[in-house]
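Visitor: What follows is a single structure, and I will ask about it in a moment.
Every read-out reported here was derived from the displayed coordinates using simple, explicitly stated rules and does not represent laboratory data. Small disclaimer: the values here were computed from a predicted structure and weren't measured.
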Amino acid sequence: MNHCPNCGKEINTGLTHCPYCNFPLPEYENINISAGNVDMYPQTNQEVSVNKETQINQVQQVTEQPQINIQPEPQALVQEETVSQQLPVESVKEKKETKPKKKKRKISIFPIFLILIILGLSGFIVYDKFFNKQTKVKVKTKTKEEVQLVTEYLLTDQEALGVGNYLWNYALNTVWCNNFKYSEEETDLGNNLKGFEITNYQDILNNFTEDFTYEYKDKTLKFNDIFENHTLNDKYYDVNKCSQEKDLTYGKTTLKIKSNELAYIKFTATSNYCSNLTGDQECNDKTTTKTVDKDFEITKEDNTWKINKFVVPN
């Protein structure tokens, strides 16, 4: 039993206030918490037998200081701490292993490499088709029927028209016998025929393909038909120096591209004709009375543009 320091009556251990005078009992407010149990420290008889001055001083100190309520920690938390400390190391490892592992994102370079290859090939195809005009094609040679690989360039429309106009006029002058050169003396060809040798025959022939044909007055003819194809000792002769009749109403011919390929170009040759011209009148757009459209074709043979089909504007 303990005594109240205020009224001196006996009181039970563990009380915080005197049941008789309601005096606070500071000596019993010290609380020790251990595993959820509260232990009070009782006052001994020696402590009670102190002199009255000491008791009064203690009471004054307690009354001056504010009362502090120490809240015990929740028992569940204390128990959890105790249990976690008692768990073996293996069980802790098992808990850690149960946590889902984060998958590391691995970036594969193969798809990126594949995309780069596709982009590179696409760029090359676009460049080769639309920008690069150089390619290799097979062409025939005149000496042997062998095939050679040569570098070809696709002509622009302006270049194609330049080549086409030159070769069209060359074909017209050849058929009208303006390109041939002849020997000064005649040669006896037999059968009471005499002819003049064509001295530049091979040079002229090099501008025409092997299967060259031309139309003249609704007839389809070959190159040697221009001079009636007289030969002797592998030389070519013309009996009358190739005199051809010309259509006097013919004015001019204009070419338009119909098809432009690496080794083949096809044109539409539009020829103007003027009839009933008087005096010094010229055949032009104002005096034109008729136009005729014919095809004109050139091909590349032995890496050279040559005349393949031609229509004489007569």
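Visitor: What does the extension gain come out to for Ser108 and Asn200, with contour length at 0.36 nm per residue minus their alpha carbon separation? Walk me through the intermediate numbers first.
Guide: Details: separation 92, 0.36 × 92 = 33.12 nm, distance 7.20 nm.
Stretched fully, the Ser108-Asn200 segment lengthens by 25.9 nm.
Visitor: Students often get this wrong, so check it: of Lys235/Lys306; Lys286/Lys309; Lys252/Lys309; Lys194/Lys252; Lys181/Lys309, which have C-alpha atoms separated by over 28 Å? Working shown, then result.
Guide: On the way: Lys235/Lys306 22 Å; Lys286/Lys309 30 Å; Lys252/Lys309 18 Å; Lys194/Lys252 36 Å; Lys181/Lys309 23 Å.
The pairs that break the limit, which is 28 Å between Cα atoms, are Lys286/Lys309; Lys194/Lys252.
Visitor: Using alpha carbons only, how many angstrom separate the centre of segment 193-246 from the centre of segment 249-295?
Guide: Here the two parts' Cα centres lie 25 Å apart.
Visitor: Can you report the principal axis dimensions of segment 141-269 using only the alpha carbons, biggest first, rounded to whole angstrom?
Guide: Here the Cα extents, ordered largest to smallest, are 52, 46, 26 Å.
Visitor: So for segment 214-314, what are the equivalent ellipsoid semi-axes in whole Å, largest first, each being the square root of 5 times an eigenvalue of the Cα gyration tensor? Can you show the working numbers first?
Guide: Numbers: eigenvalues 161, 106, 19 Å².
Equivalent ellipsoid of segment 214-314: 28, 23, 10 Å, largest first.
Visitor: Per residue of segment 167-176, what does 6.51 cos²θ - 1.76 cosθ + 1.60 with θ = phi - 60° give for ³J(HN,Hα)? Whole Hz please, x for Gly and Pro, Karplus curve as stated.
Guide: 6, 5, 5, 5, 5, 5, 5, 6, 5, 8
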